[in-house]
1. Considering only DSSP beta bridges with both partners in the chain, what is the antiparallel share in %, to the nearest 5?
2. So for each of 206-217, 433-444 I average, over its residues, the number of other beta carbons within 10 Å; can you give me the resulting order with the highest mean first?
3. If only Cα atoms are counted, what is the Rg of region 393-465, and what is its Dmax, in Å?
4. Rg over Rh of region 330-475, using C-alpha atoms and the Kirkwood radius, what does it come to?
5. Checking the table LYS190/LYS254; LYS106/LYS406; LYS141/LYS183 against a 22 Å threshold on Cα-Cα, which pairs fail?
6. For SER87, SER257, SER356, what's the fewest-to-most ordering of other Cβ within 10 Å of each Cβ?
7. For the chain, return all DSSP H helices satisfying: extent of Cα atoms along own axis at least 30 Å; mean Kyte-Doolittle hydropathy at least 0.0.
8. List the lysines whose Cα sits under 21 Å from the Cα of LYS35, skipping any in the same chain fewer than 8 residues away.
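Every number here is computed from the coordinates shown, using simple stated rules; none is lab data. Note that this is a predicted model, so its numbers are computed, not measured. Note: ideal-geometry Cβ built from the backbone for every residue, glycine included; neighbour counts use all protein chains shown.
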Amino acid sequence: MNIKSKLFVLLTTILLISCNEKLEKVEAPSRAQTKPNFIIIFADDLGYGDLGAYGNPTIKTPNLDRMAYEGQKWTNFYAGASVCTPSRAALLTGRLPVRSGMTSNKQRVLFPDSKNGLPASEITLAEQLKTVGYKTAAIGKWHLGHKEQYLPTNHGFDYYFGIPYSNDMDMIGGLKPYWEYWKQPNDSIKTEHFNVPLFRNTEIIERPANQNTITTRYSDETVSYIKENKEEPFFVYLAHNLPHIPLFASDTFKGISERGLYGDVLEEIDDGVGKILKTLEDEGLAENSIVVFTSDNGPWLPFKLNGGSAGLLRAGKGSTWEGGMREPGIFWGPGQIKPGLITEVGSTMDLFATFSKMAGVALPEDRILDSHDLSPTLFDQEETTRKSILYYRGTEIYAARLGDFKAHFITQGVYGQFGPREEHDPPLLYNLSHDPSEQFDIADKHPDILKQIDLLIAEHKSNLVVGKDQLADRE
Ligand code: MG
C-alpha cells in the first residue's frame, strides 16, 4: 500500500468513526439526569378520529401533530372507562375504578348534587410524586367530587384552577328539558345558561364560569404554573372541560375551522398545546419534560355535529365498543422518548406506574394496581408488559381484550343509539389488529382464544374487591 492509499484508509476510518459517534448520539437519546417534569393534557369527549395526526381531514391540530411526529403516537391506547368520572379516577389512581368505588350501576358519573367523591384512601399520581418533591397542579375539569374534602387540593395537588365537574351540568332551571335544549342552534346556547363554578383552590372565584374563554385560560394558567415552578420538578394535570358540550370558543377561534364549532374548540385546545411546548422550550425545560395528550372517553355521538368522531372505531362515549375507550395517545419528550408509531397496548392507568418509575417513587404495595410501566416502550420502543384491557360498564365486565383479540360478553347501546343490551354466549370475538372496526365475529374459529380470555377474567376476579359505590348517593 503506497502512502496515498494508507492516507485514504486512515481518513476513511476517522470519518467512519466520527459518523458512528454521530449515529450513536442520534440513536441513544440522553436520559434525564434529574426528575422529569410531567404534563398530562386530557381532553373531554374527544374521539380517536378528531386530530390531524389520527386522520381527521379538516380539523387542524399542528401542535398535537408535531408532538406525535417528534414523539410517540400510540394507536392502541385506552381510557380507563367510557365515561368521565370513572375514567379520571382510573388515570389518577392507576386502578380500575371498580376497585375505588368510582363506578356504579346506578349513576354513571358524579353530579352537582352527588354526596361523595374519590375516597381519601386512594393514592393519586400527584400524591405519589409529592413524596419526592414535585410541585403539583390540577387545572381544568376534576369530576372526582366537588365538596371540599374531594377537591384536588385534598388529593395531592398544591394548586387547583378549574370547573369541578362537566360544563353542561348546573343548567339553569326552566330553560328546557335537558335533551330538548340541545335541539336549538349553537347561537342560542349561551355560557350563562350553565351555572358551573370556577374554583381557585377551594374558593369559587366565578359563577357562572365564562366558558367562552375557559380553554385558553386553562392553557395560560398552565404556562404560568410552569414558569413559576420551573426550579422544582412539577406535575401539571391539565384536564380541559371541552370539547364536551356545550361547545364554546374564544373570539379568536370562533369560525376559524373548516369543521365548524367543534373544530374551533379543538384548534383552540391545540393552540394551547403549542404555547405549553414553546414555554418548555423557552425555559430550557423541554429535554427534561414529558408531555402526554389523550382524552377521557370517546365522542358523545348523539350530539351529532357538536360531537366528535371515533374515526374507524365503532360507537362512542359510554359504550364498550372501541369508540368508547380507545383514544389518541401522544407522548412527547425530546431527547428522551424514542420517536415512532407504537401499536402496543397502553392505558391511561399506566401513567401512574410509568411516571412513578421515571421519578424514582416506589409503587404502593398495600393495594392492587392496574398500572404498567411503559417507560421501556417510551425510551426504547420495547414491548409493553400490558397485554390486556378490561372494558367495564359500572361494575360489570362487558368485554376483554387479550393481545389482538377482543371478546364481548355483553353489548349495550347508549343514549338511545346502538341497540339494546344483549348477552353473548359464546361471546362475540374480533381480531382488533385485522378488524379495528369490530365488524367480523370470528368466535367460532378461535375457541382457544376464548378460553384464554376466560382465564384472564377468572384471574382478575379471583382477588377483586369491589369498592363501596361512591357515585350512587345524591342529596
Ligand atoms: Mg368525558
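1. So the antiparallel bridges amount to about 55 percent of the total.
2. Packing proxy ranking, top to bottom: 206-217, 433-444.
3. According to the Cα coordinates of region 393-465, Rg and Dmax are 12.8, 35 Å.
4. 1.01
5. Violating the 22 Å limit, Cα to Cα: LYS106/LYS406; LYS141/LYS183.
6. SER257, SER356, SER87
7. 3-27
8. In chain and number order, the partners are LYS130, LYS135, LYS227, LYS230, LYS278, LYS338, LYS357.
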